[in-house]
Amino acid sequence: MEKIIKRDGRIVPFNSEKITMAILSAAIAVGGRDRRTAQKVTDDVIVRLESRENPQSYPTVEEVQDLVEKCLIERGHAKTAKTYIIYRYEHALKRAGKESLTYSSDNIPYHKLWLALSWGVNNDCVSLNQMRQIIEERRYPELVMASEEFYQGELDDAVRLILERINDIKIIIVSGPSSSGKTTTTIKIGQRLKKEGYSLVSLNVDNYYLDLKDQPRDPYGDHDYETPQAIDLELINRHLKTLLDGNTVQVPYYNFKTGNREGISEELSLGENEIILIDSLHGMFDEMTAGINEEKKFKLYIETLSQIKDRDSRFIRWADIRMLRRMVRDMQFRNYSPGQTLAHWHYVRRSELRYIIPRLTQAHFIVNSFLAYELPLMKHRLGSYFLAFTSELKDATEKDDAFSRAQRVEEIFRQIPVWTDESIVPGKSLLREFIGGSEYSY
C-alpha cells in the first residue's frame, strides 16, 4: 500500500501510522491506551485494502475510514468505534463549514444520526453481520425489546418538548415520508398527552383532496395524489382559522371510489385543552397552514433513521426500509401487490424529495421510527418476491429505478437470516401498523 487519495483528489504517500494514531486517540478518549491493539486493527485494515477487487488502485481516505470502523466493531472495540464514528462526523461538519454535531439543523439530522449510531454500538447492532450474529446467538428477543425501548424514549422526548410549550400550541403537525410510522406515533403521543389532561382533535386531511377533475396530473397524464397541490389548501387554511377562533367547521367527505368530495363527514370544534392534529405527508408544506401564527404550531417529523451498514460498509437506505413497510401494508390491507408498490415507488420518492424531506429543518423534533429488528421479519414476508423482481427487471431498461431498488433489498436479505415468528412483535408496536395484528385501530 503506497498511495492514498485525499478528499480533494490529491494522491499522497500512504502512512499506516496515521491510522494507528487515529485509533489510539479514539481508544484513549474512552480509557484505553494499548498501542498494540491499535496496531492490530491497523493491520486488519491494510489486509482488507490489499484484498480489494482491484488492489492496484489507490484507496480513498473515506474507504480507509470505513474499514477502520468495520474492523473496530468486528474486533469487539465498540466504545472506541463509537468515539471514532463521532470524530468522523464532527470533522465532516467542520470541512463543510457547518455547526457541530450536537446542534446541526441541516437536512441531514446529524444529532439524531449520532444517537442512532450510539444506540447501535451499545447494542452490538451497527451492521447486518452483527444482526445475523444476534439471531444465530438467539439474542433476537433482546434486540426487539431494546429497539422498542429506544422508540418509546423518542416519544417521551417529543412529548416533553410539547409540554414545555403547551400553553402556546394550538396545532400539532405530524409529518414525514411514506410509511415512516406517522399514524402509530400520533396515537402514542396522543395517549401521553391525554394523561396530562390534553386531547388531540384530528383534522383528516384526506377529506380535503380536490375533485378528480381538478387534480394535478403527472407527465404521463395520471392523477398525482402524492403532491400537496392535490389538496384544497385554501379550504384547510380557512377551516383551521375558524377552529382557532372558537367556531365550528363542516369537514367535507372525500369519496376515493368516485374521486369527488361528497357532502360532510363531520362537524368539528375545539373544546378546552383540545389541540388540532394534522397527520399528513404534507403537514409541513407551508401553504397548508400559512395563515396560522408559527408560535401556535408544533411540528413533528418521523423518519426511519437507520444507521446499519451492509458488508460493504454502505448504510441501509431509509427509503428502502420504508418501501418494505409499505409493500407489506399494501399487500395486507389494500390488495396491492409488492410488485405494484415497487413500480409506483419512484412517484413516492419524487414527491418526498420535492415536498417533504426539504422541510425536515422546520421540525421542532424528529422521531426516529426505525426498529433494528424489523428487517429479518420483512425478509420472511417479502424475500421470495425480491428474488423474482431482480430476475424480471434485469433487462427492463425502462424500469431501472425499480431494478436498482430490488437489487439493493435482495442484497440486504442475502446477508441476514429470516425470522418467521411474528408473535415476538408487541401488540402496540409501530411495526404492527404495517404487518397487522395491532392493538390500535387504524
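Taking 60 Å as R0, compute the FRET efficiency from the Cβ-Cβ separation of M21 and T248 and round it to 0.05. So the FRET efficiency works out to roughly 0.30.
Roughly speaking, what % of Cα-Cα pairs in segment 3-97 are separated by over 18 Å, rounded to a whole number? Cα-Cα pairs in segment 3-97 separated by more than 18 Å: 45 percent.
Partners of K170 within straight-line reach, counting lysines whose Cα lies under 26 Å from its Cα and excluding those fewer than 8 residues away in the same chain: K182, K188, K194, K195, K241, K296, K297, K299.
Positive-end ranking of F365, N129, H282 along the dipole of the chain, with charges on Cβ about the Cα centre, is headed by N129. Largest first and in whole Å, the equivalent-ellipsoid semi-axes of segment 132-435 read 34, 25, 16, each the square root of five times a Cα gyration tensor eigenvalue. Extension gain, S51-H344: 0.36 nm per intervening residue step, less the Cα-Cα distance, totals 101.5 nm. List the lysines whose alpha-carbon lies under 22 Å from that of K6, not counting same-chain residues fewer than 8 positions away? K6 reaches K18, K70, K94, K98. Pairs exceeding 20 Å between alpha-carbon atoms, taken from K213/K257; K112/K379; K40/K112: K112/K379; K40/K112. Only helices enter this figure: runs of n ≥ 4 DSSP H residues, each worth -39500 (n - 2.57), summed and divided by the residues of the chain, yield -15000 deg cm²/dmol at 222 nm to the nearest 500. Modelled this way, with points 7 Å down the Cα-to-C-beta line, the labels at S265 and Q415 are 4.1 nm from one another.
Taking a sphere under 11 Å around the Cβ of Q152 and counting the other residues whose Cβ falls inside, with K and R at +1 and D and E at -1, yields a net charge of -2.
With Rh defined as the Kirkwood radius, the inverse of the mean 1/r over Cα pairs, the Rg/Rh of segment 322-442 is 0.98.
Beta bridges from DSSP with both residues in the chain: antiparallel share about 40 percent, rounded to the nearest 5.
Spin-label model, E137 to E63: label points 7 Å out along the Cα-to-beta-carbon direction sit 3.1 nm apart.
Computed 3J(HN,Hα) for segment 141-153, one whole-Hz value per residue from the Karplus formula 6.51 cos²θ - 1.76 cosθ + 1.60 where θ = phi - 60°, is x, 5, 5, 4, 5, 5, 5, 5, 5, 4, 5, 4, x, glycine and proline marked x.
What does the net charge come to around D168 if you take all other residues with beta carbon closer than 12 Å to its beta carbon, with K and R at +1 and D and E at -1?
+1
Every Cα-Cα pair of segment 123-215 was included, and the share exceeding 23 Å stands at 48 percent. Note on L353 and D157: the model spin-label points, each 7 Å out from Cα along the C-beta direction, lie 2.8 nm apart. Here's how it looks for S265: its modeled amide H is under 5 Å from those of V251, Y253, which are all 5 or more places away or on a different chain. Taking Lys and Arg as +1 and Asp and Glu as -1, the other residues whose beta-carbon sits under 10 Å from that of I357 total +1.
Where a number appears in this text, it was derived from the coordinates with a stated rule and is not lab data. On a predicted model such as this, the values are computed, not experimentally measured, just so you know. Methodologically, a virtual Cβ is constructed for each residue, glycine included, from the backbone with ideal geometry; neighbour enumeration extends over all protein chains shown.
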